[in-house]
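Here the structure is laid out as structure tokens; the discussion comes afterwards.
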Amino acid sequence: MDFASRLDKVGESATFKYSSMAKREGVLNLTQGLINYRTPSRIIEAAERAMREGKTSYTPTRGIPELREKIALKLEEENNIEALDPENILVSAGAKQVIFEAVMALVDRGVEVAVPNPSWVSYEPIINLAEGRIVWLPLKLEEGFIPGEDFLSELENSNPQLIFMNSPNNPTGAVYPKKVIREIVDIADRKNAWILSDEIYEKIIYRGEHFSPGSIYDKTITVNGFSKEYSMTGWRLGYCACPEKGVIDKMNIIQSQSVSCATSFVQYAALEAFTEEVKSGVKEMVSDLGNRRDLLVEGLGAAGLLGYKPCGAFYIFPRLGDGDDIKLADRLLEEGVGVIPGSPFGSSGKGCIRISYGFIPRDKIKDVVEKLSSIEL
């Protein structure tokens with residue numbers, strides 16, 4: 001049977017593949033891009049209340065007005081993205097769906113899209129589905145995976161319609177300094193390019209501050225969601241915003257013809273995420289994650305397995321050699337440690353593995369360090 005050629009460059013998500021294989025007894029699971037905290041009880045109770053009140057039908061394709069108003073206020077107060085009308089905001093079934101819609105709205109066949117290397121495993125397949133042409137922007141471990149001269153030079157010498165940015169970063173945990181983001185914005189402005197700023201890990205920062213390029217550049221699509229910060233990965237709720245309403249209008253057309261709208265009662269439940277009680281719980285969670293990071297960085301650093309200290313998200317991306325990282329991840333799984341191989345995140349991920357400490361209890365981190373230190377590379 002013949003299938004659409006657009007699938008020729010798209011395979012199964014490596015993160016979902018290895019996460020599935022690691023879900024067995026006796027495996028230290030460092031694969032999952034989630035946190036072992038439950039969704040805050042206020043959000044759960046609000047979802048139940050919304051269902052009992054009959055809020056189970058279609059919503060406006062852009063999302064319920066109450067939620068979009070809350071998001072607009074949040075972006076103004078916390079991200080300095082001002083004067084956004086709720087019509088400039090699109091709520092969808094997860095941040096991944098938002099990113100898919102943005103790419104489909106902006107990228108034609110052969111259009112250049114600039115993407116950091118390494119970067120989240122789904123950026124490349126989404127661009128390939130749109131038949132865009134990727135320009136890889138190199139990130140280096142010795143620079144802490146912060147964009148440096150080679151990154152900026154490659155961007156300057158390209159002609160992208162769209163530039164991807166992700167800070168705090170998956171898979172590296174890097175947090176981009178404001179100065180670096182301004183340099184990227186300056187290049188985007190000269191080239192009249194769009195920026196897609198994936199800020200899903202915005203609140204999970206241990207050192208430094210988050211800076212949104214949308215606060216200084218109108219052609220920025222700011223992407224965020226509720227999955228990481230509020231442990232709502234399975235609820236599938238994300239959003240984006242842009243001062244240039246036209247791109248939101250086009251994305252909304254795609255949404256209306258695909259997922260229709262985000263799940264109704266999940267949108268009503270998400271209103272609770274903006275309460276002070278829930279925000280306080282997030283701060284406690286981030287503090288716990290920071291302690292896990294410190295233990296893991298100290299242990300792996302002492303074993304000579306780590307050359308930088310990530311400042312955000314809940315990932316570490318060590319290079320364990322120049323060999324086949326997929327075979328290495330398979331061997332580690334056999335030894336009872338589940339990780340994600342680095343090469344699916346881009347060619348700069350060769351020889352690396354992605355370690356997620358979001359789902360591993362703090363008292364198991366010593367076991368993780370011992371296991372990784374004992375593996376013959």
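The values are calculated or read from the model by the stated rules, or taken from the named source; none is laboratory data. Keep in mind the model is a prediction, meaning the values are calculated, not measured. Reconstructed Cβ throughout: ideal geometry from the backbone, glycine too, with neighbour counts over all protein chains shown.
The single condition among (1) in contact with a strand residue (DSSP E or B) (Cβ under 7 Å, 6 or more places away or on another chain); (2) farther than 14 Å from ILE195 by Cα that TYR123 does not meet is (2).
For every residue, the table says whether it meets (1) in the same structural domain as ILE248 (by TED's automatic domain parsing); (2) touching a residue at least 24 places away in the same chain (Cβ under 8 Å); (3) touching a helix residue (DSSP H, G or I) at 6+ places or on another chain (Cβ under 8 Å); (4) closer than 23 Å to ALA241 by Cα.
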| residue | (1), (2), (3), (4) |
| --- | --- |
| PHE16 | no, no, no, no |
| GLU25 | no, no, no, no |
| LEU30 | no, yes, yes, no |
| LYS55 | yes, yes, yes, no |
| PRO65 | yes, no, yes, yes |
| GLU69 | yes, no, yes, yes |
| GLU87 | yes, yes, yes, yes |
| VAL91 | yes, yes, yes, yes |
| GLY94 | yes, yes, no, yes |
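Look at segment 119-145: where a residue is within 15 Å of VAL180 (Cβ to Cβ) and a partner is of a type in the set (Val, Ile, Thr), sitting 6+ places away or on another chain with Cβ atoms under 6 Å, you get PHE145/THR172. Taking the criterion of being part of a helix (DSSP H, G or I) and without any contact (Cβ under 8 Å) to a residue 24 or more places away in the chain, would at least one residue in segment 309-327 satisfy it? The answer is yes; a qualifying residue exists.
Of all the residues in segment 85-127, those that are charged (D, E, K, R) and not in a helix (DSSP H, G or I) number 4. For segment 189-199, a tally of residues being within 14 Å of THR222 (Cβ to Cβ) and either polar (S, T, N, Q) or over 21 Å from the mean Cα position of the chain (by Cα) (or both) returns 1. If you go through segment 198-242 and keep only what is in contact with a strand residue (DSSP E or B) (Cβ under 8 Å, 6 or more places away or on another chain) and farther than 21 Å from VAL286 by Cα, you end up with PRO213, GLY214, TYR217, LYS219, THR220, ILE221, THR222, TYR239, CYS240, ALA241, CYS242.
The set of residues in segment 177-193 that are under 17 Å from ILE81 (Cβ atoms) and either of a type in the set (A, V, I, L, M) or buried (at least 24 other Cβ atoms within 10 Å of the Cβ) (or both) comprises ILE181, ILE184, VAL185, ALA188. Before we move on, is ALA273 part of a helix (DSSP H, G or I), crowded, with 18+ Cβ neighbours inside 10 Å and hydrophobic (A, V, I, L, M, F, W, C)? Yes.
Scanning segment 146-165 for residues that are free of Cβ contacts under 8 Å to residues at least 12 places away in the same chain and outside any loop (DSSP other than H, G, I, E, B) gives GLU149, SER153. Going by the structure shown, is SER227 in a loop (DSSP other than H, G, I, E, B), outside the structural domain of VAL282 (by TED's automatic domain parsing) and of a type in the set (Ser, Thr, Tyr)? So SER227 fits the description; yes.
For segment 248-270, the candidate set comprises residues that are hydrophobic (A, V, I, L, M, F, W, C) and part of a helix (DSSP H, G or I); within that set, the residue that is surrounded by the fewest Cβ atoms within 10 Å (Cβ to Cβ) is ILE253. Could you check, for segment 156-166, whether at least one of its residues is over 30 Å from ILE254 (Cβ atoms) and of a type outside the set (Phe, Trp, Tyr)? Within segment 156-166, one or more residues are over 30 Å from ILE254 (Cβ atoms) and of a type outside the set (Phe, Trp, Tyr).
Between LYS70, LYS55, LYS23, the distinction of being modelled with pLDDT under 90 and either of a type in the set (D, E, K, R) or out of contact with any Asp or Glu (no Cβ under 8 Å at 6 or more places or on another chain) (or both) belongs to LYS23 only. Look at segment 362-377: where a residue is assigned to a helix (DSSP H, G or I) and a partner is among the hydroxyl-bearing types (Ser, Thr, Tyr) and modelled with pLDDT of 90 or more, sitting 6+ places away or on another chain with Cβ atoms under 9 Å, you get ILE365/TYR357; VAL368/TYR357. Listed here are the helices (runs of 4 or more DSSP H) enclosed by segment 1-84 that have at least 3 residues being at positive phi and of a type in the set (Ser, Thr, Tyr), and there are none.
Among the residues of segment 275-286, some residue qualifies, meaning at least one is within 21 Å of PRO86 (Cβ to Cβ) and at pLDDT 95 or above.
Has segment 219-241 got at least one residue that is touching an Asp or Glu at 6+ places or on another chain (Cβ under 6 Å), more than 25 Å from ILE146 (Cβ to Cβ), among the hydrophobic types (A, V, I, L, M, F, W, C) and modelled with pLDDT of 95 or more? No, the conditions are met nowhere in segment 219-241.
Applying the selection to segment 186-213, what residues are within 18 Å of PRO160 (Cα to Cα) and either in a loop (DSSP other than H, G, I, E, B) or in contact (Cβ under 8 Å) with a residue 60 or more places away in the chain (or both)? Correct list: ASN192, ALA193, TRP194, LEU196, ASP198.
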